[in-house]
Every structure is written in structure tokens, then in C-alpha cells.
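Below is one structure; the comments refer to it alone.
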Amino acid sequence: QLPASTDAVGLVVNPTPNQMEAIRANAAITLWQFHGDETPEQCRRLAGGLPWIKAARIGQSFNFPEFSLQYGDAVGFLLDALVDGYGGSGTAFNWNLIPNTWANVNAHRVVLSGGLNSHNVGEAIARLHPCAVDISSGVEIRKGVKDPALIRQFVDAVRSADQTKPTSHS
């Protein structure tokens, strides 16, 4: 049982309606994260009225304004590196690809992912002012094994960056 203040996020990649129903039947999901090639309409339909986040795989030619218009119903945009497969690569993307004006307007719904660790998350927060960061391989000692010390270092780096983060954007 999760506290009421904690979202249970269902992370899915190109799910079928039957897969979504099976997940709903077995977990009290409160927020969906679509991390595949789902269209805006698929995200809306599959979310079934729940809020949802859409992952974007950022490469050189990614069109931020077009993406945010297409997926405007999303409560969040998870920005990740463009790699083979979906997520978990430990690869950071070039944060300078994100236009400052887009980052400022959308900061309240940007979740930054991809290659983050305790050494670079402060710079990422200072540059993009995301509402959240997503971490996985940056706190692992080997694939799938998290290190409590690396987690503490990461959390400390985020807290330190948050102390200097602006509270509003214009």
C-alpha cells in the first residue's frame, strides 16, 4: 500500500489494450508513462482517463514545439536519449538541443532522464529546471543492482541543485 501522496506509475512500451487491462486488474496505477511509439490518441485512449506522461527520445532533429503540441494532454514529458531500444541505456543526450524558451514554458512538466548521475544532475537541473529527474543506471553498481551509497549521493546532488533552482519561469 502506497501513501496517498505517492503515485503508482505504470511504465509501458507500446502496450496493447489487453495488456493495459491486465495491468489495471493487478495494480492500482494512478499515472501512466508511455515510453514507446504511442500516438497522442493511443496515449489518451489507453490511459483511460488517468493522467499520463509521454517519453521523448531526443536526437539532433527532435522538434520540441511539435512534440508538445501533439502530446499537449500529457501531464509530463520525460526527456531521454535517442538510443536503440527504450530507456535504461545510461546515455545522456545533449541538453543544449532543448530550446531555452521551450524549457522555460514546459519546466513544470519536464522529467529529465538519460545518463543522469550524481556528477551531472546538478548541471542538468540548473540548465533545464525540470519538475523531476528519473534515475536508474546512474545509481547502479552493475546492471539492475542499485547501490545505496550512489542513491544517497544522487539525492544529495538533487537537493543541492534544488536549493539554487528558481521557483518560477517567465
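Just a few scattered comments:
- Phi angles across the stretch 119-125 convert, under the Karplus curve 6.51 cos²θ - 1.76 cosθ + 1.60 with θ = phi - 60°, into 3J(HN,Hα) values of 7, 10, 5, x, 5, 4, 5 Hz, Gly and Pro given as x.
- Gyration tensor over alpha-carbon atoms, the stretch 32-139, equivalent ellipsoid semi-axes in Å: 21, 15, 13
- With contributions of -39500 (n - 2.57) from each DSSP H run of at least four residues, the per-residue ellipticity at 222 nm computed over the chain stands at -9500 deg cm²/dmol.
- Estimated vicinal HN-Hα couplings, Hz - the stretch 12-18 in sequence order (Karplus 6.51, -1.76, 1.60; Gly, Pro = x): 10, 10, 6, x, 8, x, 5
- Of 73, 134, 147, the one that fluctuates the most in a GNM where the chain has Cα springs shorter than 10 Å: 147
- Gyration tensor (alpha-carbon) shape descriptor, the stretch 110-170, a/c threshold 1.5: prolate
- Relative packing of 106-116, 11-21, which averages over residues the other C-beta atoms within 10 Å, highest first: 106-116, 11-21
- Our note on the geometry: Cα centres of the stretch 94-168 and the stretch 21-87, 19 Å apart.
- Karplus-derived 3J(HN,Hα) values for the stretch 107-112, using 6.51 cos²θ - 1.76 cosθ + 1.60 with θ = phi - 60°, are 3, 5, 10, 8, 10, 8 Hz; glycine and proline are entered as x.
- Entry note, the chain: relative contact order of 15 percent, from Cα contacts under 8 Å with a spacing of 6+ residues.
- DSSP beta bridges confined to the chain are antiparallel in about 10 percent of cases.
- For residue 78, the residues whose amide H sits under 5 Å from its own are 54, 55, 56, 111, ignoring neighbours fewer than 5 places away on the same chain, with H placed 1.01 Å from N.
Values quoted throughout were computed directly from the atomic coordinates according to the rules given, and no laboratory measurement underlies them. The structure displayed is predicted, hence computed values, not measured ones. Reconstructed Cβ throughout: ideal geometry from the backbone, glycine too, with neighbour counts over all protein chains shown.
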